[in-house]
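Undergrad: A single structure is presented below for examination.
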Amino acid sequence: MNPRDPLPNPDAPGSPGGGGGAPAPRRRNAASVTIRQQPGADDGSPDDSAPIDAATRSLADALRISYRLLLAAMVVLVVLYIFSGFQSVKESEKGIRLLFGRVQAKDLGAGFQFSAPAPFGELVKVQTGLRNEEINNAFFPKLSEVEEKQITDKDKGPQTLADGGADTLDPDNDGQLLTADGNIVHARWSISYQRTQAWLAEQNINPDFERKIVVAAACQGIVHAAAGLPIDDILKKQGETTSGQQVGSSKIELRAKEAAQTALNRIESGITINQMAMTLVIPPRKVMRQYEEVQANQSNKSTLIENARTKRKDTLTQTAGTAADLLLELIDRYEEALTLKQKDRADQTLTMIDKVMLNEPVDLDGKPVAVRTSGNVTAKVNDARQYRTSVVNDAQGEAAFFEAKRQLFESNPLVMVHGDWSDAMRNLMARDNVQAMWLPPGTARQIIQINRDPRIAAADEERENIKQAEDAMKARMLQRERERFQQRTDPASKVREQ
């Protein structure tokens with residue numbers, strides 16, 4: 001069969017399987033496709049193929065290049081798709097790697113982190129930067145705009161609220177805190193917090209309600225802390241002590257922070273409160289002035305006590321120097337021995353006191369102690385030594401002078417009497433208040449009435465008054481020291497004081 005021949009029509013008459021009758025004439029149609037055998041066919045037909053058209057070849061090359069470019073583009077897209085899993089996490093963020101919705105890694109640090117590209121995986125970034133919140137009205141009375149400006153003024157401050165406001169508090173508008181001693185205090189707070197566990201914060205806390213949750217936990221902690229402290233500790237911001245050392249934050253701030261953090265940890269919020277600070281605290285407005293007076297008096301008391309301690313230390317140092325403490329201890333022991341009527345012990349203690357004042361070592365409870373005494377004690381001891389020496393020297397001089405006069409009197413009494421009389425007259429005439437008057441010779445009796453020189457009399461009276469005043473002052477000081485010593489050493493006086 002020739003491929004160019006038309007196919008037989010089965011319905012035509014005379015065709016096999018067709019109807020009966022004479023066969024119809026066969027019509028030839030033009031061939032739409034001509035199939036040629038390539039050269040070298042085995043059927044032995046002649047090679048009728050022509051060279052491929054140049055346009056067809058160009059089209060084939062273009063299709064081949066386009067296919068290769070498409071493959072390269074697909075490879076590039078696959079590479080870019082894979083590298084799209086690398087994302088940058090900032091310093092104020094934490095990353096969470098997900099794969100098919102499951103957590104593969106939590107709390108990824110800053111830098112480039114890889115996760116499977118979407119839709120297979122995801123890198124969730126959670127903000128962990130420091131955040132601040134203010135609690136201004138929850139525990140503070142309602143203020144007008146003018147009062148708000150006044151309390152923020154450096155010159156006026158919260159003292160401007162004294163004696164102001166209503167006589168009662170409105171629970172709907174005025175906030176307050178109840179203290180452990182049944183008082184009321186008003187305070188404003190500031191909170192600093194951040195997300196330290198990004199996975200918990202992202203999983204359990206809705207970002208839209210995060211601020212409300214933190215503020216609610218902080219308010220709960222503040223109420224609990226204030227309920228456990230008296231008002232004085234809150235107003236003074238008395239610091240909490242740990243192992244005898246005072247820390248910077250006050251008791252209420254530390255306790256409020258601890259209670260608020262416990263509440264946040266209970267719900268696994270992943271949020272950590274870094275600091276809770278009480279920015280402003282006042283007592284009830286109607287009694288602010290009275291509280292300020294109490295605090296001022298307490299401050300003055302502390303100042304007076306400190307001044308007294310400083311003066312005591314200075315006085316002891318000026319009196320005995322470094323030996324002051326040892327002398328005080330020995331004096332207390334001496335007084336105790338006198339009170340218990342232990343004469344021997346008192347005498348031994350008094351001897352030790354004398355040795356300390358003379359810079360001599362003593363045995364205190366079986367241990368040798370040597371200190372350097374200085375100040376007024378040393379000066380008085382030196383004065384006493386000089387006075388003792390002068391008294392002895394004067395007594396010895398007077399004894400020697402008396403012995404010489406006695407010997408002179410025994411040898412020639414008139415010479416000694418005339419000599420003493422001449423010395424007495426010379427000393428008498430040398431006085432400032434003695435006036436000498438010369439009478440004419442041969443006058444047996446002369447009566448003269450004269451007045452004393454007023455200048456000399458005034459000077460004499462002034463010197464006498466000064467001397468009497470000094471003597472009276474010395475006597476009073478001596479009597480006062482004796483009374484003070486008797487009060488410290490008299491057991492009956494101690495009983496009366498107790």
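The values are calculated or read from the model by the stated rules, or taken from the named source; none is laboratory data. Just so we're clear, the structure is a prediction, and the values are computed from it rather than from any experiment. FYI the Cβ positions are ideal-geometry reconstructions off the backbone, even for glycines, and counts take in every protein chain you see.
Undergrad: Mind checking which residues of region 197-216 are under 15 Å from THR128 (Cβ atoms), of a type in the set (A, V, I, L, M, F, W, C) and modelled with pLDDT of 85 or more?
TA: Listed by number, the list holds a single entry, VAL214.
Undergrad: Is it fair to say TRP438 is farther than 27 Å from THR315 by Cα, of a type in the set (Phe, Trp, Tyr), out of contact with any strand residue (DSSP E or B) (no Cβ under 6 Å at 6 or more places or on another chain) and exposed (fewer than 10 other Cβ atoms within 10 Å of the Cβ)?
TA: Numbers: farther than 27 Å from THR315 by Cα: yes; of a type in the set (Phe, Trp, Tyr): yes; out of contact with any strand residue (DSSP E or B) (no Cβ under 6 Å at 6 or more places or on another chain): yes; exposed (fewer than 10 other Cβ atoms within 10 Å of the Cβ): yes.
So TRP438 fits the description; yes.
Undergrad: Considering only region 203-218, how many residues are in a helix (DSSP H, G or I) and either surrounded by fewer than 19 Cβ atoms within 10 Å (Cβ to Cβ) or outside the structural domain of GLY182 (by TED's automatic domain parsing) (or both)?
TA: Applying the first criterion (in a helix (DSSP H, G or I)) to region 203-218 yields 203-204, 207-218.
Filter again for either surrounded by fewer than 19 Cβ atoms within 10 Å (Cβ to Cβ) or outside the structural domain of GLY182 (by TED's automatic domain parsing) (or both), leaving 203-204, 207-213, 215-216.
Matching residues across region 203-218 total 11.
Undergrad: Could you count how many residues in region 369-415 are over 53 Å from the mean Cα position of the chain (by Cα) and part of a helix (DSSP H, G or I)?
TA: Of the residues in that region, 31 qualify.
Undergrad: So which residues in region 47-88 are under 12 Å from SER115 (Cα atoms) and modelled with pLDDT under 70? Talk me through it step by step, then tell me what you get.
TA: Pass one, region 47-88, residues under 12 Å from SER115 (Cα atoms): 81-88.
Passing the criteria: PHE83, SER84, GLY85, PHE86, SER88.
Undergrad: Right, here's the next one. Having 1 or more residues that are assigned by TED's automatic domain parsing to the domain that holds GLN220 and either in contact (Cβ under 8 Å) with a residue 40 or more places away in the chain or over 30 Å from THR179 (Cα atoms) (or both) is the bar; report the strands (runs of 3 or more DSSP E) wholly within region 237-348 that clear it.
TA: By residue number, 271-282.
Undergrad: If you check GLN194 against the conditions, is it part of a strand (DSSP E or B) and either in contact with a Leu (Cβ under 6 Å, 6 or more places away or on another chain) or over 22 Å from THR279 (Cα atoms) (or both)? First the steps, then the outcome.
TA: On the way: part of a strand (DSSP E or B): yes; either in contact with a Leu (Cβ under 6 Å, 6 or more places away or on another chain) or over 22 Å from THR279 (Cα atoms) (or both): yes.
Yes, satisfied.
Undergrad: A follow-up question, please. Go through (1) within 26 Å of the chain's Cα centre (by Cα); (2) over 30 Å from THR168 (Cα atoms); (3) of a type in the set (Asp, Glu) one by one and return the number of the condition GLU253 breaks.
TA: (2)
Undergrad: For ILE234, indicate whether it is surrounded by 15 or more Cβ atoms within 10 Å (Cβ to Cβ), assigned to a helix (DSSP H, G or I) and not aromatic (Phe, Trp, Tyr).
TA: On the way: surrounded by 15 or more Cβ atoms within 10 Å (Cβ to Cβ): yes; assigned to a helix (DSSP H, G or I): yes; not aromatic (Phe, Trp, Tyr): yes.
Here the answer is yes, as ILE234 does meet what is asked.
Undergrad: Taking the condition of being modelled with pLDDT of 80 or more and either within 32 Å of the chain's Cα centre (by Cα) or among the basic types (Lys, Arg) (or both), how many residues in region 152-196 meet it?
TA: The number of residues fulfilling the criteria is 23.
Undergrad: Taking only region 352-367 into account, find how many residues are assigned to a helix (DSSP H, G or I) and modelled with pLDDT under 85. I'd like the intermediate steps shown before the answer.
TA: Taking region 352-367 and keeping what is assigned to a helix (DSSP H, G or I), we get 352-357.
After this cut, where a residue has to be modelled with pLDDT under 85 as well, the list is none.
Residues flagged as assigned to a helix (DSSP H, G or I) and modelled with pLDDT under 85 within region 352-367 amount to 0.
Undergrad: If you don't mind, another one. What is the residue count in region 245-285 for residues that are surrounded by fewer than 15 Cβ atoms within 10 Å (Cβ to Cβ) and touching a Lys or Arg at 6+ places or on another chain (Cβ under 6 Å)?
TA: Adding up the residues that qualify gives 1.
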